[in-house]
1. Can you give the Rg to Rh ratio for the stretch 66-114, taking only C-alpha atoms and Rh from Kirkwood?
2. Please compute the net charge surrounding residue 108, taking Lys and Arg as +1 and Asp and Glu as -1 over other residues with Cβ under 9 Å from its Cβ.
3. Given N residues in the stretch 34-124, what is its alpha carbon radius of gyration divided by 2.2 N^0.38 Å?
4. Can you work out the PRE-style zone for residue 59? Point 7 Å along Cα to Cβ, and I want the residues of the stretch 104-125 with backbone N under 12 Å.
5. What full-extension length gain, to one decimal in nm, is calculated for residue 21 and residue 92 as 0.36 nm per residue of separation minus the Cα-Cα distance?
6. Which far-off residues, 5 or more places away or on another chain, put their amide H under 5 Å from the one on residue 22, with H placed in the peptide plane?
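Values quoted throughout were computed directly from the atomic coordinates according to the rules given, and no laboratory measurement underlies them. Since the structure is predicted, the reported quantities are computational estimates derived from the model, not experimental observations. Positions of Cβ are generated from backbone atoms using ideal geometry, with glycine treated the same way; all protein chains shown enter the neighbour counts.
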Amino acid sequence: MSCNIKSNLIKLEARMSRMQRMNNPELKNQYVQSLDSRFSADFVCDLIECEPGEAILQQGEELAYLYFLMRGKVKIYSTSMEGKGLIVAFNRPIQLFGDIEFLQQSSIIHTVEALGTVHLLRFSIAEAQRLQGETAFNAYLLDVISRKFYTKSQVLSFHLLNEASTRFASYLLSISHNENGQFVEPFVKRNDLA
């Protein structure tokens, strides 16, 4: 096993140990029920809670689980080799993370970080492979990925066609509302402005 793979496994195990598995069958069942119309509800998953600032997926690591965001808000970003960050999106429920990496069998493309307390349904790669036998699950994956492609196309056009001040105003607006659309006073780290 190479040092890089071993290092990534150690990081993954440390991050997984920080994520709190919630023992709340009623809440888990409520979240699973909200996915019923999308595909079979008999999939095996865990209900996970993450604290603000906690990484759910880490860029460059191997994918071990797929996640449904059920409560809270997350920031999705990439970091270059030089350490420069690019915010890709802010997401609210219901969102699926790890889908592209799962289908492409690639390492994680973007870091997904909790901005507040977040609830997730986590399911394994093996469970996702089992679900691939269901037409409804594959249709759901196609819908999710096509929505992501459409959104990224719109965002790219916005960034290419607008001035920096307009893009900055858009960023401030996106971080100033919680998952329910209510205004919150945003806190912007100095290094996020650079």
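1. On the way: Rg = 11.5 Å, Rh = 11.6 Å.
Dividing the radius of gyration by the Kirkwood radius yields 0.99.
2. On the way: positive: none; negative: 61, 62, 101.
Every neighbour counted, the sum reads -3.
3. Values: Rg = 13.2 Å, N = 91, 2.2 N^0.38 = 12.2 Å.
Compactness ratio reported: 1.08.
4. 108-113
5. Working: separation 71, 0.36 × 71 = 25.56 nm, distance 2.02 nm.
Value of the extension gain: 23.5 nm.
6. 47, 48, 49
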